[in-house]
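Asks: This structure is in structure tokens; I'll ask about it shortly.
The values are calculated or read from the model by the stated rules, or taken from the named source; none is laboratory data. This one's a predicted model, so the numbers in the text were calculated from it and none came from an experiment. Cβ placement follows ideal geometry from the backbone for every residue including glycine, while neighbour counts extend to all protein chains displayed.
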Amino acid sequence: MGINWLKYSAPQAFYPLAGKLIPWFSIVAALAIAVGLYIGLLVAPTDFQQGESYRIIFVHVPAAWMSMFLYVVMALWAGFGMGLNARLSFMMAQAIAPTGAMFTFLALLTGAMWGKPTWGAWWVWDARLTSELILLFQYAGVMLLRTSIDDLRRADRASGVFALVGVVNVPIIYFSVKWWNTLHQGASVSMTGGSKMAATMLTAMLLMTFGFWMYSMAVILSRSRCVILEREQLLSWNKSASTPEPVEVR
Amino acid sequence: MTRPGMWDALCGVVRRDLLLAMRRRSDAAMPVFFLVIVASLFPLGVGPEPAVLRTIGPGVLWVAALLACLLSLGRVFTADYLDGVLEQMVLIAQPLPVLVVGKVFAHWVIAGVPVVLLSPLLGMQFGLDGEAVAVLALSLLLGTPTLSMIGTIGAALVLGVRGSGLLVALLVLPLYVPVLIFGAGAVASSLAGVGAEANLSLLGACLVLSLFFAPWATAAALRIALE
Amino acid sequence: MLQAVALSCMRGERRLFVDVNVTVEPGTLLTVVGENGSGKTSFLRILTSLLSPEAGAVLWQGQDIRQLKEQYYAQLTYIGHLNGVKDDLTPVENLMASAGLTGDHHSNPLVQDALESVGLKRMVHRLPTKVLSQGQRRRVALARLWLSTHPLWLLDEPFTSLDTASTALVTERLQSHLRGGGLAVVVTHQEVALPSDVIQRLRLNG
């Protein structure tokens, strides 16, 4: 209470604040992930159907959750940026994309590693896996579009529009692939297995998710600091290069 | 929310684009030739086994239609952007999304309708029977406008960007997945004797949804591109 | 009345101009001059709302043009440095098409009159625009001024690639527009041959 949050919407004020927060997020992330992994790998009971290999879901499921969560957050920041014409919002969106893409990739990788012993195949056209794959393409699209456009303002906005369009698309894809699977009578195995999950398993899963979330915060904040520096440097470099002259109006 | 002259402006956009396509008929015909060639390559690649062709037919034809649509996307706004007509279009006393609908409709007439009309012929190449051919044409009729709708968002986003041809494919193809699934699914389920109604209604739903959202996204992207 | 209030503009990382204030009254012309890269075109594009200023606002009859949107466009005729003319269409088709979009239904003879007013002979009216010369194409674009009933004209270098005779014709048209109570903003590196009491000059230093 009493803190003027709006103050931090200026990159200059945000920069030191982010710097102060990063170590805390990092520590919390490391702790949560360490405890989560300990419970998930050593404490949680062995699954009577899948044996030990199921334990990869303690990485897979949180990574998949984070990948989708971060995409929505990225789109929200981009939307704010366009609605309020706020530069910091776009910088946040830019900083989120690589981390989101990383989690998407991690989810796909661990999904494949889990799929091999469980389904006997590295890749199955399961609705969740396919949606994750498309999500990865969309992250790639957002980042590619940004890097292809030289003008920063346009790059921010164009990739923002694409991110927002993607938000509508992902649920439709999930639904459509599910529909498609039932039609083809393919692998109708669901990723989380039985719905009855032991309390320890749930604890581990939630702890890992929390850890990943805190990790994302730390990484995104430090990346946004880089983005701010990069952009402000461009600005100041140019300011010193061109002599600002008052405009004469007659 | 109709304004005076809105319908005129919409028709004006369509008329001009169709007139331009008539002047450059060979350009307009190229995606269709592409579709026919790609569809003909598949039997050569996988072998003439009728059962195999019938199984892969719906998917192959839909993917080919999707790629043909993609090829023609570059033309929707690029010329207008380069010769300044796009600027003029943005500065008209009509809502830009409405004009975008005109552009999309013209694109569909030029690139989508020929695909729909040719599809029965191509379907027969793949050994689809009468009902499946009809479902194929119907699914394309419902699906290709959605492809044009979604595609123009991508086309507007990459206007004037280097390497835009490839970039638009990378942006738009993931967005095409649901249409592809429902479209090919409609034909496949008709072949399997399940009935295509469910898939066709989902295609219709996609069309309605894209009709609501895509013109706004495209209009926003055009304004961004013109800055 | 068109007002620019405290306009600042950034392109990429470059600051083009800051705090430009100017008012254009009905019946007067504002010419925008300055070196290449001083932001003349950006200034004009801000007036059309194609470009957003970094700071400041543009007011039409006292209201922000970003709020007015289409209502403002209904008052506006803009000719950019791109002609907005389709190479594959004839001059007549081009003008008919753009009139169709703005909601003005001009008859064929009216369009031909406009083309003749800008010095394009009847024989080129039915040729595809791509076979015309640069100057002729520019004149096709400028013929829209003879069809325009909008009070505000924003013109970006209208006289480029025009010969002296056509320049005089366009200047004459500008004058009659101003006499009718119209406003115009013209980006140009040439002097506009109009009485100095209706001209206001804005010089941008990059």
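Asks: If only one of C:GLU70, C:GLU25, C:GLU116, C:GLU93 is within 30 Å of A:GLY83 (Cα to Cα), acidic (Asp, Glu) and out of contact with any strand residue (DSSP E or B) (no Cβ under 6 Å at 6 or more places or on another chain), which one is it?
Replies: C:GLU70
Asks: Can you tell me how many residues within the range C:21-39 are farther than 11 Å from C:GLN3 by Cβ and either within 9 Å of chain A (Cβ to nearest Cβ) or among the charged types (D, E, K, R) (or both)?
Replies: Within the range C:21-39, residues that are farther than 11 Å from C:GLN3 by Cβ and either within 9 Å of chain A (Cβ to nearest Cβ) or among the charged types (D, E, K, R) (or both) number 1.
Asks: Sort out which residues of the range A:143-155 are at the interface with another protein chain (Cβ under 9 Å from one of its Cβ atoms), part of a helix (DSSP H, G or I) and not hydroxyl-bearing (Ser, Thr, Tyr), and write them in order of number.
Replies: Quick first cut of the range A:143-155, residues at the interface with another protein chain (Cβ under 9 Å from one of its Cβ atoms) only: A:144-145, A:148-154.
Then keep just the ones that are part of a helix (DSSP H, G or I); that gives A:144-145, A:148, A:152-154.
Within the range A:143-155, A:LEU144, A:LEU145, A:LEU152, A:ARG153, A:ARG154 meet the criteria.
Asks: Cβ-Cβ below 6 Å, separation at least six or inter-chain, first residue in the range C:19-41 and at negative phi and in a strand (DSSP E or B), second aromatic (Phe, Trp, Tyr) and surrounded by 19 or more Cβ atoms within 10 Å (Cβ to Cβ): which pairs?
Replies: Note: pairs meeting the criteria are C:VAL32/C:PHE43.
Asks: Output the number of the condition that C:THR129 fails; it satisfies all remaining conditions of (1) of a type outside the set (A, V, I, L, M); (2) at the interface with chain B (Cβ under 10 Å from one of its Cβ atoms); (3) in contact with a strand residue (DSSP E or B) (Cβ under 9 Å, 6 or more places away or on another chain).
Replies: Unmet condition: (3).
Asks: How about the range C:8-18: which of its residues are more than 17 Å from C:ASP156 (Cβ to Cβ) and more than 7 Å from chain A (Cβ to nearest Cβ)?
Replies: C:SER8, C:MET10
Asks: How many residues does the range C:92-126 contain that are assigned to a helix (DSSP H, G or I), among the polar types (S, T, N, Q) and more than 14 Å from chain B (Cβ to nearest Cβ)?
Replies: So the first thing to find is which residues in the range C:92-126 are assigned to a helix (DSSP H, G or I), and the list is C:92-102, C:108-117, C:122-124.
Cutting the leftovers down to among the polar types (S, T, N, Q) gives us C:94, C:98, C:102, C:108, C:112, C:117.
When the remaining residues are screened for being more than 14 Å from chain B (Cβ to nearest Cβ), the result is C:108, C:112, C:117.
Residues in the range C:92-126 being assigned to a helix (DSSP H, G or I), among the polar types (S, T, N, Q) and more than 14 Å from chain B (Cβ to nearest Cβ): 3 in total.
Asks: Do we find a residue being among the hydroxyl-bearing types (Ser, Thr, Tyr), within 30 Å of C:ASN83 (Cα to Cα) and touching a helix residue (DSSP H, G or I) at 6+ places or on another chain (Cβ under 6 Å) anywhere in the range B:65-75? Before you say what the answer is, go through the steps one by one.
Replies: Step one: filter the range B:65-75 for residues among the hydroxyl-bearing types (Ser, Thr, Tyr), giving B:72.
Next, only the ones that are within 30 Å of C:ASN83 (Cα to Cα) stay: B:72.
After this cut, where a residue has to be touching a helix residue (DSSP H, G or I) at 6+ places or on another chain (Cβ under 6 Å) as well, the list is B:72.
For the range B:65-75, residues among the hydroxyl-bearing types (Ser, Thr, Tyr), within 30 Å of C:ASN83 (Cα to Cα) and touching a helix residue (DSSP H, G or I) at 6+ places or on another chain (Cβ under 6 Å): present.
Asks: Any residue in the range A:153-182 that's in contact (Cβ under 8 Å) with a residue 12 or more places away in the chain and under 20 Å from B:ALA186 (Cα atoms): show its pairings with residues that are surrounded by fewer than 20 Cβ atoms within 10 Å (Cβ to Cβ) and among the aliphatic types (A, V, I, L, M) at Cβ separation under 8 Å, as long as the two are six or more apart or on different chains.
Replies: A:ASN181/A:ALA187
Asks: Read through the list (1) more than 25 Å from C:PHE43 (Cα to Cα); (2) within 14 Å of chain B (Cβ to nearest Cβ); (3) outside any loop (DSSP other than H, G, I, E, B), then give the number of the only condition that C:LEU154 fails.
Replies: (1)
So that you can scan it fast, the table gives a plain yes or no per residue for (1) in contact with a Ser or Thr (Cβ under 6 Å, 6 or more places away or on another chain); (2) without any contact (Cβ under 8 Å) to a residue 12 or more places away in the chain:
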{"position": "A:ALA13", "(1), (2)": "no, yes"}
{"position": "A:GLY19", "(1), (2)": "no, no"}
{"position": "A:PRO45", "(1), (2)": "no, no"}
{"position": "A:ARG55", "(1), (2)": "no, no"}
{"position": "A:ALA75", "(1), (2)": "no, no"}
{"position": "A:PHE80", "(1), (2)": "yes, yes"}
{"position": "A:ALA95", "(1), (2)": "yes, no"}
{"position": "A:PRO98", "(1), (2)": "no, no"}
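Asks: Here's something else I'd like to know. Restricting the range B:207-220 to residues that are farther than 15 Å from B:LEU157 by Cβ and touching a residue at least 12 places away in the same chain (Cβ under 8 Å), which is nearest to the other protein chains (Cβ to nearest Cβ)? Break it down into steps so the answer makes sense when it comes.
Replies: Step one: filter the range B:207-220 for residues farther than 15 Å from B:LEU157 by Cβ, giving B:207-212.
With the extra rule that they be touching a residue at least 12 places away in the same chain (Cβ under 8 Å), the set shrinks to B:207, B:210-211.
Working: B:LEU207: 13, B:SER210: 9, B:LEU211: 13 Å.
So, considering only residues that are farther than 15 Å from B:LEU157 by Cβ and touching a residue at least 12 places away in the same chain (Cβ under 8 Å), the one nearest to the other protein chains (Cβ to nearest Cβ) is B:SER210.
Asks: C:ARG139 passes all but one of (1) among the basic types (Lys, Arg); (2) out of contact with any Asp or Glu (no Cβ under 7 Å at 6 or more places or on another chain); (3) assigned to a helix (DSSP H, G or I); (4) surrounded by fewer than 18 Cβ atoms within 10 Å (Cβ to Cβ); which number fails?
Replies: (4)
Asks: In the range B:64-83, what residues are closer than 21 Å to B:VAL116 by Cβ and surrounded by 19 or more Cβ atoms within 10 Å (Cβ to Cβ)?
Replies: B:ALA64, B:ALA65, B:LEU66, B:ALA68, B:CYS69, B:LEU70, B:SER72, B:LEU73, B:ARG75, B:VAL76
Asks: Would you check if there is a residue in the range B:131-138 being in contact with a helix residue (DSSP H, G or I) (Cβ under 9 Å, 6 or more places away or on another chain), buried (at least 24 other Cβ atoms within 10 Å of the Cβ), closer than 30 Å to C:SER148 by Cα and among the β-branched types (Val, Ile, Thr)?
Replies: Within the range B:131-138, not a single residue is in contact with a helix residue (DSSP H, G or I) (Cβ under 9 Å, 6 or more places away or on another chain), buried (at least 24 other Cβ atoms within 10 Å of the Cβ), closer than 30 Å to C:SER148 by Cα and among the β-branched types (Val, Ile, Thr).
Asks: Next question, about the same structure. Which members of the range B:39-63 meet the condition of being closer than 20 Å to B:GLY151 by Cα and surrounded by fewer than 23 Cβ atoms within 10 Å (Cβ to Cβ)?
Replies: Result: B:GLY59, B:VAL60, B:VAL63.
Residues checked against (1) without any contact (Cβ under 8 Å) to a residue 24 or more places away in the chain; (2) under 16 Å from B:ALA111 (Cβ atoms):
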| site | (1), (2) |
| --- | --- |
| B:SER139 | no, no |
| B:LEU147 | no, yes |
| B:VAL161 | yes, no |
| B:LEU166 | yes, no |
| B:LEU170 | yes, no |
| B:ALA184 | no, no |
| B:GLY195 | yes, no |
| B:ALA205 | yes, no |
| B:LEU222 | no, no |
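Asks: Yes or no: the range C:66-76 includes at least one residue that is away from chain B (no Cβ under 11 Å), assigned to a helix (DSSP H, G or I) and over 16 Å from the mean Cα position of the chain (by Cα). Write out each step before concluding.
Replies: So in the range C:66-76, the residues away from chain B (no Cβ under 11 Å) come out as C:66-67.
Narrowing the set further to residues that are assigned to a helix (DSSP H, G or I) leaves C:66-67.
The next check asks that each one be over 16 Å from the mean Cα position of the chain (by Cα); those that pass are C:66-67.
Looking through the range C:66-76, at least one residue is away from chain B (no Cβ under 11 Å), assigned to a helix (DSSP H, G or I) and over 16 Å from the mean Cα position of the chain (by Cα).
Asks: Would you check if B:PHE33 is out of contact with any Asp or Glu (no Cβ under 7 Å at 6 or more places or on another chain), exposed (fewer than 14 other Cβ atoms within 10 Å of the Cβ), hydrophobic (A, V, I, L, M, F, W, C) and assigned to a helix (DSSP H, G or I)?
Replies: Yes: the conditions hold for B:PHE33.
Asks: So in the range A:45-86, with the set limited to residues that are at pLDDT below 90 and of a type in the set (Ser, Thr, Tyr), which one is surrounded by the most Cβ atoms within 10 Å (Cβ to Cβ)?
Replies: Looking at the filtered set, the residue picked out is A:TYR54.
Asks: Which residue, of C:LEU162, C:LEU155, is buried (at least 20 other Cβ atoms within 10 Å of the Cβ), farther than 25 Å from C:HIS105 by Cα and touching a Gly at 6+ places or on another chain (Cβ under 9 Å)? Before the answer, list the steps.
Replies: Details: C:LEU155 fails: farther than 25 Å from C:HIS105 by Cα.
Answer to the check: C:LEU162.
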